[in-house]
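These notes are about the structure you will find just below.
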Amino acid sequence: MNMIRSAAVAVAVGSLLLAGCTAAEADKPAAVSSTSDNGISGKAPAEILSQARKSLAEATSFHASGELPGVFRGGSKFGDGTPVPIDLKVSGANQLGRMTIAGSEIQVLVSGGRTFFKVPEKALVPVIGAAAAHRLAPRLAASWIEPAPGLTYFDALGRSFARDQLVTLEGDLEQLKPAKVGDRPAVGLRSSAGYGATLLVSAVGEPVPLVLIYPGAPRAGKVEFTEYGATFPGLDVPAAADIIALPAGTAGA
């Protein structure tokens, strides 16, 4: 996913960038509704990208998973160039995203129009201070944080998994030779910007994204889009007892 974006997404445990992926052949084909040629290969690169983004926006559900290329962020322990495993399941307006940074998992759950987060203690320090974060530490593993709207720290983190951020190629686009993802015909696009992110789009059925890769990154990554139309458990609003509310005006947020 350039996650999955070919641009970078600010992620809140220190302010790290999420960058995306490009494609070679993926191991698992995405499920699409038809095997008929959709004509996408005959379109201009910009239109192919537009159609892929539109199809992803209109998909009832999908699963995006893989590894983002490592990004160096000065001396930050969260940006040491280590690849970032990510997993995102989307069903309608609900979704659950996970990423692992320096051994710490971060989760973002959107359900019922509300947004919840699971973050390690050290990620809360710049938001509520070290003492308050330490007091909450025993509850963090089993609880979800629900920040008030407008807390910029969490807003940035939530945007990391926004559906409209997942497939974004910058710079000039080059259409590649026909390819396959598993046994599924695909058309490829390569970006001239960044690490040369490459997106493979299904050439049959709906022109949905299949794979996004950064082959030129120092630590390359690949994200696969699969399970279109699947049903995913675990996207419900947490029980009230498992929610920690952070009010507006929280220091540092």
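The values are calculated or read from the model by the stated rules, or taken from the named source; none is laboratory data. Worth saying up front: this structure is predicted, and the values here are computed from it rather than measured. Ideal geometry is used to build each Cβ from the backbone, glycine not excepted, and the neighbour counts take in all protein chains shown. Accessible surface areas use protein heavy atoms only, side chains included; no ligands, DNA or RNA. Shrake-Rupley method; radii C 1.70, N 1.55, O 1.52, S 1.80 Å.
Test of understanding: among VAL108, VAL167, which residue is assigned to a loop (DSSP other than H, G, I, E, B), buried (at least 17 other Cβ atoms within 10 Å of the Cβ) and either touching a residue at least 40 places away in the same chain (Cβ under 8 Å) or of a type outside the set (Gly, Ala, Ser) (or both)?
VAL167
Kindly indicate the residue of the stretch 117-131 that is open to solvent by less than 20 Å² (accessible area, probe 1.4 Å) and over 20 Å from PRO85 (Cα atoms) and also modelled with the highest pLDDT among those meeting that condition.
LEU124
Within the stretch 177-189, can one find any residue that is of a type in the set (Lys, Arg), open to solvent by 10 Å² or more (accessible area, probe 1.4 Å) and touching a Cys at 6+ places or on another chain (Cβ under 9 Å)?
Looking through the stretch 177-189, none of the residues is of a type in the set (Lys, Arg), open to solvent by 10 Å² or more (accessible area, probe 1.4 Å) and touching a Cys at 6+ places or on another chain (Cβ under 9 Å).
Could you grab me the full set of residues in the stretch 47-61 that are open to solvent by 70 Å² or more (accessible area, probe 1.4 Å) and assigned to a helix (DSSP H, G or I)?
Those that are open to solvent by 70 Å² or more (accessible area, probe 1.4 Å) and assigned to a helix (DSSP H, G or I): GLU47, ARG53, LYS54, GLU58.
Residues in the stretch 118-126: is at least one in contact with a Ser or Thr (Cβ under 6 Å, 6 or more places away or on another chain) and under 26 Å from PRO69 (Cα atoms)?
yes
Quick one: what pairs do we get from the stretch 136-161, first residue over 16 Å from ILE244 (Cβ atoms), second assigned to a helix (DSSP H, G or I) and open to solvent by less than 80 Å² (accessible area, probe 1.4 Å), C-beta under 8 Å, 6+ apart or different chains?
ARG159/GLN165
Which of the numbered conditions does THR82 fail, given that it passes all the others? Conditions: (1) open to solvent by 30 Å² or more (accessible area, probe 1.4 Å); (2) modelled with pLDDT of 90 or more; (3) not aromatic (Phe, Trp, Tyr).
(2) is the only condition that THR82 fails.
Kindly indicate whether any position in the stretch 144-162 is within 21 Å of ALA59 (Cβ to Cβ) and of a type in the set (A, V, I, L, M, F, W, C).
Within the stretch 144-162, one or more residues are within 21 Å of ALA59 (Cβ to Cβ) and of a type in the set (A, V, I, L, M, F, W, C).
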